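Some notes on the structure that comes next.
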Amino acid sequence: MPYASPAPARERSPLLLRGELQHRLDTLARAHRVPGAQLVLDTGPEAVVLHTGVADTGTGVPFTEDTAVPVGSLTKPYTAALVMLLADDGDLDLDEPTAEHLPEFRQLPEVTIRQLLSHTGGLPTGPDSDAAARTTATRYLSAVCTAPDALFPPGTDFSYSNAGYVAAGRLVETVTGMPWHEAVRALLLEPFGTGPVFVDTAAPGRPVAAGHALNAATGLPRAVRQNLAPLEAPAGALLASAADLAALGAALVGRAKVLPPDTAELMRRPEPGARPGALADGWGAGAALYRQDGRLWCGHDGNAMGTSCHLRADPDSGLVVAFTGNAGAATALWRELASDLEELAGVRVPAGIEPVGAGGPVLLAAPAALAECAGDYRNGAIRYRVEPAGAGPATLSVDGDLPIPLRCYADLSYDLIAPDTGRPEPGGRFHRDPATGRIDRVQVSGRTARRAAAD
């Protein structure tokens, strides 16, 4: 199938483009103190594959094109693709209740498989990895999938949920009879040409990168250990290179036989009720959706311990952009690099969602409206506290951590104000109960929390 090429800002020879992109990747990695990174710009006929720096500051091993990076939540679209392939084979129906396959959902009989993949089932995010490591998948899901913990009626809203993808992985295991690791290896990774590596792989058969955090005492990056419970593997256990992620992106836009075109289209078709706020402009059955210049790109972001990885694919042109970086600061590197791609390659890539205030500060003027939002909210075991404005702005704290200032707007959306820089970051939105008009939920960076009963 032919694709229209994105119109370049100015013509580049492949060699010149590669050199300019390499120079920019090298420069930005140094500026952001990211030890190593990879970038792939794949138009279909041609691909530019770049890398820079080291995979591990402790060993000094250089990054290569094949180095696999912990991609965190970018594991989720692989798990979603497995479920979609099973649906394509007729082994399950996306719109049947999940409880038909997983008895742990008996208290939530209306949650469908499609809603698991699009984060619209109303499930809380699930316990942290340390708590998850002390239980089984059955007990984990039984504890999470309860009527009292449901955040909203299925299909009516969005809340990003690791638990939903733990359930999706369990579906894969139930239907195929294979452990998730074996199923994703056999049905996706090997057909994509991706050398399988997981967080718990003892002897990887390819080079791997460590995640890094900044040492507060020295200001230098240091390697950190990945912390993921085995049962969370379908939500975040994969390691991959940018080239591997680009292969997934090509499949999502119909350029690879691994995913049938109709299946890929379903993964990126916007789901009703999926309003992810600070994460993306929409969500399909497994793919995040990003709007840019009238086009709806698909992809996903992934952050593991000390890594930041990103995938964007344009179904209209077939263009795929993939990035990996082995430090938390690589998120800022990605955003700056994506912006530079317009000048260097004539490609406008939707790197992320802009703060509401980027369009102009329309501050919420009525103090009474802000007072409505103040209170305690809950997503599973996570507690959010919104304090009303006093001498300063309203604040949001998570599980009692340092309060973050909010900048609220008349439509009940808000930005988070970074304490260190004072810059606005995408935050979320408060929601009213349509029946009572009362503020009953808050969405924080894609996760929805329900107002606690005590309020």
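Restricting 50, 94 to those that are touching a Lys or Arg at 6+ places or on another chain (Cβ under 8 Å), within 18 Å of residue 206 (Cα to Cα) and among the hydrophobic types (A, V, I, L, M, F, W, C) reduces the list to 50. Given the condition closer than 27 Å to residue 382 by Cα and within 22 Å of the chain's Cα centre (by Cα), answer yes or no: does some residue in the range 54-71 qualify? Among the residues of the range 54-71, at least one is closer than 27 Å to residue 382 by Cα and within 22 Å of the chain's Cα centre (by Cα), which makes the answer yes.
Taking only the range 305-335 into account, find how many residues are open to solvent by less than 20 Å² (accessible area, probe 1.4 Å), within 14 Å of the chain's Cα centre (by Cα) and of a type in the set (S, T, N, Q). Number of matching residues: 3.
Condition check ((1) touching a strand residue (DSSP E or B) at 6+ places or on another chain (Cβ under 8 Å); (2) farther than 18 Å from residue 89 by Cβ) across all residues:
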{"position": "180", "(1), (2)": "no, no"}
{"position": "195", "(1), (2)": "yes, yes"}
{"position": "212", "(1), (2)": "yes, yes"}
{"position": "228", "(1), (2)": "no, yes"}
{"position": "232", "(1), (2)": "no, yes"}
{"position": "263", "(1), (2)": "no, no"}
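When we screen 311, 319, 333, 337 for residues that are in contact (Cβ under 8 Å) with a residue 60 or more places away in the chain and touching a Cys at 6+ places or on another chain (Cβ under 9 Å), the only hit is 311. The residues in the range 88-114 that are in a helix (DSSP H, G or I) and under 23 Å from the mean Cα position of the chain (by Cα) can be counted, and the count is 3. Can you spot a residue in the range 253-262 that is closer than 26 Å to residue 154 by Cβ, in contact with a Lys or Arg (Cβ under 8 Å, 6 or more places away or on another chain) and touching a residue at least 12 places away in the same chain (Cβ under 8 Å)? No, the range 253-262 contains no residue that is closer than 26 Å to residue 154 by Cβ, in contact with a Lys or Arg (Cβ under 8 Å, 6 or more places away or on another chain) and touching a residue at least 12 places away in the same chain (Cβ under 8 Å).
Within the range 125-158, take every residue that is part of a helix (DSSP H, G or I) and hydrophobic (A, V, I, L, M, F, W, C) and give me the one that is farthest from residue 450 (Cα to Cα). By that ranking, first place goes to 137.
Yes/no matrix, rows are residues, columns are (1) assigned to a helix (DSSP H, G or I); (2) within 30 Å of residue 104 (Cα to Cα); (3) touching a strand residue (DSSP E or B) at 6+ places or on another chain (Cβ under 6 Å):
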| position | (1), (2), (3) |
| --- | --- |
| 160 | no, yes, yes |
| 167 | yes, yes, no |
| 183 | yes, yes, no |
| 204 | no, no, no |
| 217 | no, no, no |
| 243 | yes, no, yes |
| 274 | no, yes, yes |
| 277 | no, yes, yes |
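Checking each residue in the range 103-127 for being open to solvent by less than 30 Å² (accessible area, probe 1.4 Å) and farther than 14 Å from residue 80 by Cβ picks out 104, 105, 108, 111, 122, 123, 124, 125, 126. Of all residues in the range 238-252, at least one satisfies being charged (D, E, K, R) and under 19 Å from residue 192 (Cα atoms). Checked against the criterion of being farther than 25 Å from residue 156 by Cα and under 20 Å from the mean Cα position of the chain (by Cα), the range 271-289 has no qualifying residue.
Under the condition of being at pLDDT 50 or above and either open to solvent by 40 Å² or more (accessible area, probe 1.4 Å) or within 30 Å of residue 311 (Cβ to Cβ) (or both), the residues counted in the range 346-373 number 16.
Filtering the range 424-437 to residues that are over 14 Å from residue 386 (Cβ atoms), touching a residue at least 24 places away in the same chain (Cβ under 8 Å) and either under 18 Å from the mean Cα position of the chain (by Cα) or surrounded by fewer than 18 Cβ atoms within 10 Å (Cβ to Cβ) (or both) leaves 425, 426. Of the residues making up the range 225-246, those that are aliphatic (A, V, I, L, M), more than 21 Å from residue 126 (Cα to Cα) and buried (at least 24 other Cβ atoms within 10 Å of the Cβ) are 239, 240, 242, 245, 246.
Conditions (1) among the charged types (D, E, K, R); (2) at positive phi; (3) surrounded by 21 or more Cβ atoms within 10 Å (Cβ to Cβ), marked per residue:
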| site | (1), (2), (3) |
| --- | --- |
| 250 | no, no, yes |
| 257 | yes, no, no |
| 274 | no, no, yes |
| 293 | yes, yes, no |
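The set of residues in the range 382-413 that are outside any loop (DSSP other than H, G, I, E, B) and aliphatic (A, V, I, L, M) comprises 382, 386, 396, 398, 404, 406.
Filtering the range 146-171 to residues that are surrounded by fewer than 24 Cβ atoms within 10 Å (Cβ to Cβ) and of a type in the set (Val, Ile, Thr) leaves 146, 156.
Entry remark, the range 406-423: residues being free of Cβ contacts under 8 Å to residues at least 24 places away in the same chain and of a type in the set (Asp, Glu) number 2 in total. Sort out which residues of the range 128-145 are of a type outside the set (Gly, Ala, Ser) and surrounded by fewer than 22 Cβ atoms within 10 Å (Cβ to Cβ), and write them in order of number. Within the range 128-145, 128, 130, 134, 135, 136, 138, 139 qualify.
Could you count how many residues in the range 61-85 are surrounded by fewer than 19 Cβ atoms within 10 Å (Cβ to Cβ) and under 16 Å from residue 266 (Cβ atoms)? Outline the logic, then answer.
We begin by selecting, within the range 61-85, every residue surrounded by fewer than 19 Cβ atoms within 10 Å (Cβ to Cβ); these are 61-62, 64-66.
Cutting the leftovers down to under 16 Å from residue 266 (Cβ atoms) gives us none.
Final tally of qualifying residues: 0.
The values are calculated or read from the model by the stated rules, or taken from the named source; none is laboratory data. For clarity, every value in this text was computed on a predicted model and none was experimentally measured. When we count neighbours, we look across all protein chains shown, and the Cβ atoms used for this are built from the backbone with ideal geometry, even at glycine. Ligands, DNA and RNA are stripped out before the accessible areas are found, and what is left, the full protein with its side chains, is counted by its heavy atoms. Shrake-Rupley method; radii C 1.70, N 1.55, O 1.52, S 1.80 Å.
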